[in-house]
């Protein structure tokens, strides 16, 4: 508790300097509630303050229903907490948005209230159980969706026919490219770095133990699970169990930390499904980012397009930023079939590599109604195409245009998708939302913006052309000399420094150095831990004659290698899949698990 109250004190001091107001009473109020309500006040309750603040920016005034969990003054709707800062954005008496609200005040409110929102702490069991129950409830909702498109209130003619037509125009060439790539043996599977349903990791993934018969059409066992034909009919092939649909390995549903309010529910795929999904995922992502109509509009690796549009739109209001709740869990199989009906081969490959059953945390097995949960390698690329298609259909309806090629091409230009972050023209947003929700999707009203000057997309929070993104604390500071969380804390301190929270950054630096000793200055490209500088300066403690570079001694990450010998057909398969780029023999004798690293002091380059 002491370290967190100290961190709050530092941050509120920075706020006081930046906004020119006294924040001592704010500190007293926050600490009092923190002591009374515990960590949940900082991680759950304070973020609701930021949410109501953002909605008030969107609506242009503070409504009576806002800041329900916080005391208000007798002279107006403003809360007592952070009153001196909030009053630089909203009028004290009427609660209306000021003509020229302070950007510093907007940023400061969000920084104080959201700093602890994403702390990496496990949720209570009750919240975990609630998240699992919601996952199941959502899946049951998805099961009722096949008849959604015939609601008379949504369209005067068959909406599903229009979605199918638009999907055919958008993705027919994608299906053709897939068919050509498959015939040319350019669809190459690979193992991902993550966990698997069978709890198989590292090199052991290459010695495949099971194969689903559904995979045989596009991923026949002899071509994809064995290194070459010489292994067919051998003990290696016979050791692989062929599983019929009723006996397939289910995905394993688990929860991982997201926020203290609710965990993230993911489904961990079996080895053979993850292996083949990765082949389709790589093809999809490369194709969608390189070819029309999705080039520059559907992105997976570059968030900058959405970020810049959000920043620009916060100034000129041209685009709306939409966020979807339970995005992947609400994409149904019938909807995927509808969008990709003109791509029969690609659609069949999707369905063949889609897991159909799930093992819940209580051990029960249930049939999955959604197309794919988060955890499937197909989740992001397929849902991106679905969201993109529905948004284009929504634009056509908003502009009252028939779904012919010239109109579809026109409407593509105003839609941008990155995961569940969607950007569409502001003037058409209500119609687009209506059509997204007609297909069972749910737009998150608290995180979607188009009326005011606030926008949020892909980590870019902006108001009136200025960035107001907060810096999140990911790991709680710990007492003692433990190095736990040190990498995250150093990153936190450097982000604070770069964004002008200098008092807080200096305080976090002192806490870190009290635990691990002094750290040097390094550039952002250095592999070592240290402090960043606006001038780009770095420390240099010695000259390395062998490598002809300066070196500095500091903490650095080093992956932990585990003994994991790989022999026989598994080793040969790994060699071929790496396209001959495997260096040395260590890759066949050891493996590294994701996130499993040493943090120790060694000599590294400071730049």
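The values are calculated or read from the model by the stated rules, or taken from the named source; none is laboratory data. Keep in mind it's a predicted model, so treat the numbers as computed, not measured. Heads up, the Cβs are rebuilt from the backbone with ideal geometry, glycines too, and the neighbour counts pull from every protein chain shown.
Here are a few things to note about the model shown:
- Close Cβ contacts (under 7 Å, 6 or more residues apart or on different chains) running from residues in the range 71-90 that are at positive phi to residues that are buried (at least 23 other Cβ atoms within 10 Å of the Cβ) and at pLDDT 95 or above comprise 82/109; 82/112.
- With a requirement of 2 or more residues that are surrounded by 19 or more Cβ atoms within 10 Å (Cβ to Cβ) and assigned by TED's automatic domain parsing to the domain that holds residue 376, the helices (runs of 4 or more DSSP H) lying completely within the range 157-243 that satisfy it span 159-183.
- Qualifying residue in the range 273-289 (condition: more than 23 Å from the chain's Cα centre (by Cα) and surrounded by fewer than 19 Cβ atoms within 10 Å (Cβ to Cβ)): no
- Residue check, residue 606 assigned to a strand (DSSP E or B) and surrounded by 12 or more Cβ atoms within 10 Å (Cβ to Cβ): no
- Filter pass, residue 361 being at pLDDT 95 or above, assigned by TED's automatic domain parsing to the domain that holds residue 333 and more than 17 Å from residue 335 (Cα to Cα): yes
- Single residue of the range 512-537 satisfying the filter (in a loop (DSSP other than H, G, I, E, B) and farther than 19 Å from residue 496 by Cβ) that is farthest from the chain's Cα centre (by Cα): 517
- Subset of the range 539-569 [farther than 18 Å from residue 517 by Cβ, buried (at least 20 other Cβ atoms within 10 Å of the Cβ) and within 34 Å of the chain's Cα centre (by Cα)]: 566
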